[in-house]
Amino acid sequence: MEYSCLDKIPMGPATVWVVRFDGPAPVYPLVPIQREWYVRNTQAPLLRAQRYAVWHLLDMALNERIGTGVEHWNIRRESNGMWICPEMPIRFSLSHSSNVAAVALYEHPIGMDLQALSAFTDPDRLARRILSAKEYRRFLSLKEQGKLYLAERWSAKEATFKYRGMVGDISRQSEPVCAETVAEIVRVGDEHFSLAIAY
């Protein structure tokens, strides 16, 4: 697996590490064994590569930020799908889309979401499903820019779900998303993504 476009993006009080990757997931082991099992048992090759890349990026970000990588911490997967380590002096959130992985680090709980704009193939249908009535009116009023607004709202809501440690249908999310949410459109390589954090 090759990495390019490694970048650190300041968002609100947090830092988001973003990397573009190419190629299949390597076969060498991951720490902890629960994560290795999780990645190796992923059937879809792109998803397996995403899961590997985001974990490798977490290791790099932790080493840079606190001087120790994932092997020094008891990181475990909760029943809600979140990877956590309460003993760690920093909190993290993971996301991936297309061939890009992202890791957010912050001293307090944080949720982060990254989504390729190319994934929004039917914006109006998705907008009706996830936006509040007020947000949907704004989406319609923005015409051509509505897709960007939708992408930012989607990522903000996903980040909020992660922040709250929830899993479930995002359509239940009402406005406002969260008082402390930052969302923007970023470019990684030749592709644009919506990126959001909730803290």
Quiz item: Do the sum for the chain: with -39,500 (n - 2.57) for every DSSP H run of n ≥ 4, divided by all residues, what is the mean residue ellipticity at 222 nm, to the nearest 500 deg cm²/dmol?
Solution: -10500 deg cm²/dmol
Self-check item: Potential lengthening between E2 and Q34 on full extension [0.36 nm per residue; Cα-Cα distance subtracted]
Solution: 9.1 nm
Practice problem: Grab every C-alpha pair in the stretch 38-191, bin the distances at 10 angstrom width from 0 up to the longest one, and report whole percents. | Solution: 10, 36, 35, 16, 3, 0
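For H72 and I9 in the same chain, what is the full-extension length gain: residue separation times 0.36 nm, less their Cα-Cα distance, in nm?
Length gained, H72 through I9: 20.2 nm.
Using a Förster distance of 30 Å, how high is the FRET efficiency between L140 and A119, based on the Cβ-Cβ distance and rounded to 0.05?
For L140 and A119, the calculated efficiency is 0.90.
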Quiz prompt | Straight-distance crosslink candidates among lysines, where the alpha carbon sits under 21 Å from K8 and sequence neighbours closer than 8 are dropped | solution = K162
Exercise. Mind jotting down the three principal axis lengths of the stretch 55-122 based on Cα atoms? Whole angstrom, largest first.
Key: 42, 27, 19
Self-check item: Cross-link reach list, lysines versus K143, counting only Cα pairs under 24 Å and skipping chain neighbours closer than eight places
Solution: K134, K157
Quiz item: Under the definition of Cα pairs under 8 Å and six or more residues apart, what whole-number percent is the relative contact order of the chain?
Solution: 20 percent
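Where a number appears in this text, it was derived from the coordinates with a stated rule and is not lab data. Quantities reported herein were computed from a predicted structural model and do not represent experimental measurements. Every residue, glycine as well, gets a Cβ built from its backbone with ideal geometry; the counts of neighbours run over all protein chains shown.
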